[in-house]
Amino acid sequence: MSQVPADLMYTKDDEWLRVNGDEVIIGITDYAQDSLSDIVYLELPDVGSTFDADDTFGVVESVKAASDLLMPVAGEVTAVNEALIDTPELINSDPFGEAWLIKVKISDTSQLADLMDATAYNAYLADRD
């Protein structure tokens, strides 16, 4: 069973968000990293890049597959976890801690209402399996 921390928000594309006012930290879920298996490469945007919700903001590659990373909310990238570029395997060992991907200043906080809480995400995962 995948870990689903209760203090985060989730997308149907298996990204998590830690919300702090109008800024969010984004990563990929335990379910996603487990499905991908051993992660070997990560491509992330530059600080200052802006995206609309559902835009591709990066790519994660594993020994099994490559997967686009989709922006859950519109906004501007304020920080990128540069440590992951050299050690993308951190995503497999600590998806909710050291392996955060980017920080984003949200353009429209009302988009957060489209995300799932932990209970809804657990139900979503149960329906997929």
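Checked against (1) open to solvent by less than 30 Å² (accessible area, probe 1.4 Å); (2) in a loop (DSSP other than H, G, I, E, B), TRP100 passes all but condition (1).
Number of residues in the stretch 81-97 that are surrounded by fewer than 19 Cβ atoms within 10 Å (Cβ to Cβ) and of a type in the set (A, V, I, L, M) equals 2. The set of residues from the stretch 29-50 being crowded, with 17+ Cβ neighbours inside 10 Å and in a strand (DSSP E or B) comprises ILE39, LEU42. Of all residues in the stretch 105-120, those being touching a Pro at 6+ places or on another chain (Cβ under 9 Å) and open to solvent by less than 20 Å² (accessible area, probe 1.4 Å) number 1.
Which of the residues spanning the stretch 64-79 are aliphatic (A, V, I, L, M), modelled with pLDDT of 95 or more and open to solvent by 20 Å² or more (accessible area, probe 1.4 Å)? Hits for the stretch 64-79 are LEU70, ALA79. Being in contact (Cβ under 8 Å) with a residue 24 or more places away in the chain, in a loop (DSSP other than H, G, I, E, B) and open to solvent by less than 60 Å² (accessible area, probe 1.4 Å), is that true of even one residue in the stretch 13-28? Checked the stretch 13-28: no residue is in contact (Cβ under 8 Å) with a residue 24 or more places away in the chain, in a loop (DSSP other than H, G, I, E, B) and open to solvent by less than 60 Å² (accessible area, probe 1.4 Å).
The values are calculated or read from the model by the stated rules, or taken from the named source; none is laboratory data. It should be emphasised that the depicted structure is a prediction, and the values quoted were computed from it without experimental measurement. When we count neighbours, we look across all protein chains shown, and the Cβ atoms used for this are built from the backbone with ideal geometry, even at glycine. The protein model used for the area step is the full one, side chains on, heavy atoms only, and it has no ligands, DNA or RNA in it. Shrake-Rupley method; radii C 1.70, N 1.55, O 1.52, S 1.80 Å.
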